[in-house]
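Step one of this worksheet: look at the structure below.
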Amino acid sequence: MRQLLLSILFLLYAQSFACSCAPVKLSERIKFRNRNIQTSEEVFIADVFAIDTINYTYKLKVKEVFKGAFVKGEVIKGSFLSTCEPYVSIEGTWLLFGDFSDDEFRSKDCGYSKSFEFPWYNALLAPKPDPEGLFGEELVEFQEKEWCNFQNIATINLSEDIEYLRSIKATLGSGNVRD
């Protein structure tokens, strides 16, 4: 009985460290983006490189700052130690939302960061669910069409997000000053 109780406690303890990000409907994307802008110390575009999947780190070179204390051209270490998405695990240009502490940038857990090359990679933005009553070839056709639509929408949304950030950049300020 004691072993059973200890096993249950261990499972509950282990689950407390698991992350479960609720999918965001495309119709709620703007609220989600704005919440990420408000709660992030740093919002910027950077080139991600030197990804180390063993130590869960990467380097990034800042290209454009919308909010925060980073400077264009600055090279920063980032980490993705969380079990939450989005994982900054693809090299290339990214729109990033997060915080800087202990000399490392960390993107927001369950956040809005996204790759330019694969803006649909952020799995929090969910495509439409499969409709009921479709099976076999019809279902496959629907899924392929929806996936293409979702990719196009995600690409357009990324452009709109950058345009929006540029339009409000002056009002966001430079939150923190680092030593």
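Quick note: the coordinates plus some simple rules give every number you see, no bench work behind them. Being a predicted model, the structure only gives us computed values, none of them experimental. Here Cβ is always computed from backbone atoms with ideal geometry, including for glycine, and neighbour counts include all displayed protein chains.
Say the cut-off is 22 Å between C-alpha atoms; which of 31/114; 25/59; 25/77; 31/63 go over it? Spell out each step's value before the answer.
Numbers: 31/114 16 Å; 25/59 31 Å; 25/77 31 Å; 31/63 25 Å.
Result: 25/59; 25/77; 31/63 exceed 22 Å.
Counting Lys and Arg as +1 and Asp and Glu as -1, each charge on the Cβ, what is the dipole of the range 22-172 about the Cα centre in debye, to the nearest 20? Let's see the in-between values first.
Working: 18 positive and 25 negative charges, 144 e Å.
The calculation lands at about 700 debye.
Kirkwood hydrodynamic radius, the range 22-172, all distinct C-alpha pairs: what's the number in Å? Present the calculation step by step, with values, prior to reporting the outcome.
Values: mean 1/r = 0.0616 Å⁻¹.
Here the Kirkwood hydrodynamic radius works out to 16.2 Å.
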